Structure formats: structure tokens, C-alpha cells
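First the structure, then my questions, so here it is.
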Amino acid sequence: MQDIFAAIGEWFALYFRDPPMSAILIMAVSVGITVVSNLAMLKFADVRRLKRYQAEIKAYQELSKKANESGNEKLLRKIKRRKPYIDRIQREMMTARCKPYMFFIIPFMLIFSLLNGFYVDPSGVPLVVAVIPFHLEKVMPFLTGWIGKPVVGGFGMYFFGFYMLVGLGLGQMLQRVMGTSLT
């Protein structure tokens, strides 16, 4: 049985340790996690109500800005009276958005830590998982060593940086497609 796991591990390391397959694996995992969390949001939260609350909060913020700029006392009193209600619905929104994630946070963290450990060599140095075809270090030199390093052909990103880039980029698009985006 141990030989089977060793063989699977060797095969996995052979195919998914280096770019471009490492980038494809990380994108697939990121998309999978985003889809699962968005499905959980659709299942466990009232997205229509959250969108309605978001619209009310936006209208309140615009009215508040208008009242502060104009100095209109009547509007300022209206804003002050409405503030406790807005605070309450903001708390409700936060609670509703966090509930689904509470079920999945441990598995997501486990997947993330397993992949993070997989993309580190035995001496503890992070491995390059994807190469961006431009030299990011010339524009933002502080990123070198933190999320990647210069390599031939561009900027090589480590697991953490690439996962965040893909997660944030694809996550927003998938939220819009699945209807869980509140903005």
C-alpha cells in the first residue's frame, strides 16, 4: 500500500512540480475552491437579500457624502437616524457571508498548506511555479524574493504569489458569473 502512495507521489511530482503544469494545477485548485465556496454561498446565504442590503448601504453612503458636503442639517439628522439600521445590516451581511466559509475553512487551509509544502524544495527554498512573460522586478523590485524571482523569459512566481494572483483574478470573475458578487 505504501508503494502505491509513493508511486502516485512520484508521478505527481514528475508532472506537476515545474511550470507550466504547476501553474495549471494551481489554477485548477483555485478555481475549484472558488466554485465550492460560491456554491456554498448560494446554498447557505440569501444572496438576493444581501444584494438588496448592499444597495441600501451604497445609497446611504452616497446620501451621507452629499449631506456632509452640503452641510444640510435635515439630511445630516436623517443620516444619523439611519446609521444604527445600516450598522445592523452590515453586521448581518458579514455574518451571512462568513457562515458558508466556516464549513470549508479547514479543508481549504489543508489544501493550501499541502500545495505550499509541495512547491518548496527539501532545503526550504520556494520553487518557481509559473513564469510571467515580463520582468516585474524592474517595475517593483521589492517583490523579488517575496512572491518570486527573475528568471529567463520573465518573472518566476512562487506558489503563494501565483495562487493569490489567480485566486483574486479568477475569483472575482467567477463570483460575477455565479451571481454571488455583491458589487
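Read the figures in this text as sums done on the coordinates, not as results from a lab. The structure displayed is predicted, hence computed values, not measured ones. Note that each Cβ is placed from the backbone with ideal geometry, even for glycine, and that neighbours are counted across all protein chains shown.
Please work out if Lys99 is touching a residue at least 24 places away in the same chain (Cβ under 8 Å), over 20 Å from Met27 (Cα atoms) and surrounded by fewer than 14 Cβ atoms within 10 Å (Cβ to Cβ).
Working: touching a residue at least 24 places away in the same chain (Cβ under 8 Å): yes; over 20 Å from Met27 (Cα atoms): yes; surrounded by fewer than 14 Cβ atoms within 10 Å (Cβ to Cβ): yes.
For Lys99, the condition - touching a residue at least 24 places away in the same chain (Cβ under 8 Å), over 20 Å from Met27 (Cα atoms) and surrounded by fewer than 14 Cβ atoms within 10 Å (Cβ to Cβ) - is met.
For the stretch 126-183, enumerate the residues that are in contact (Cβ under 8 Å) with a residue 40 or more places away in the chain, among the hydroxyl-bearing types (Ser, Thr, Tyr), surrounded by 18 or more Cβ atoms within 10 Å (Cβ to Cβ) and in a loop (DSSP other than H, G, I, E, B).
Result: Thr180, single match.
Could you list all residues from the stretch 35-65 that are free of Cβ contacts under 8 Å to residues at least 24 places away in the same chain and either polar (S, T, N, Q) or in contact with a Phe, Trp or Tyr (Cβ under 8 Å, 6 or more places away or on another chain) (or both)?
The answer is Gln61, Ser64.
I would also like to ask the following. For residues that are acidic (Asp, Glu) and loosely packed, with under 11 Cβ neighbours inside 10 Å, scanning just the stretch 1-43, find the one that is nearest to Pro107 (Cα to Cα).
Start the filter on the stretch 1-43 by keeping residues that are acidic (Asp, Glu), which leaves 3, 10, 18.
If we keep only those that are loosely packed, with under 11 Cβ neighbours inside 10 Å too, we end up with 3, 10.
Working: Asp3: 26, Glu10: 23 Å.
In this case the residue turns out to be Glu10.
Would you call Ile86 closer than 29 Å to Gly156 by Cβ and surrounded by 15 or more Cβ atoms within 10 Å (Cβ to Cβ)? Working first, answer last.
Numbers: closer than 29 Å to Gly156 by Cβ: no; surrounded by 15 or more Cβ atoms within 10 Å (Cβ to Cβ): yes.
No.
Regarding Asn68, is this residue of a type outside the set (Lys, Arg) and touching a residue at least 24 places away in the same chain (Cβ under 8 Å)?
Values: of a type outside the set (Lys, Arg): yes; touching a residue at least 24 places away in the same chain (Cβ under 8 Å): no.
No, not satisfied.
Take Val152 and decide whether it is more than 16 Å from the chain's Cα centre (by Cα) and either closer than 19 Å to Ala23 by Cα or not basic (Lys, Arg) (or both).
Values: more than 16 Å from the chain's Cα centre (by Cα): yes; either closer than 19 Å to Ala23 by Cα or not basic (Lys, Arg) (or both): yes.
Yes, satisfied.
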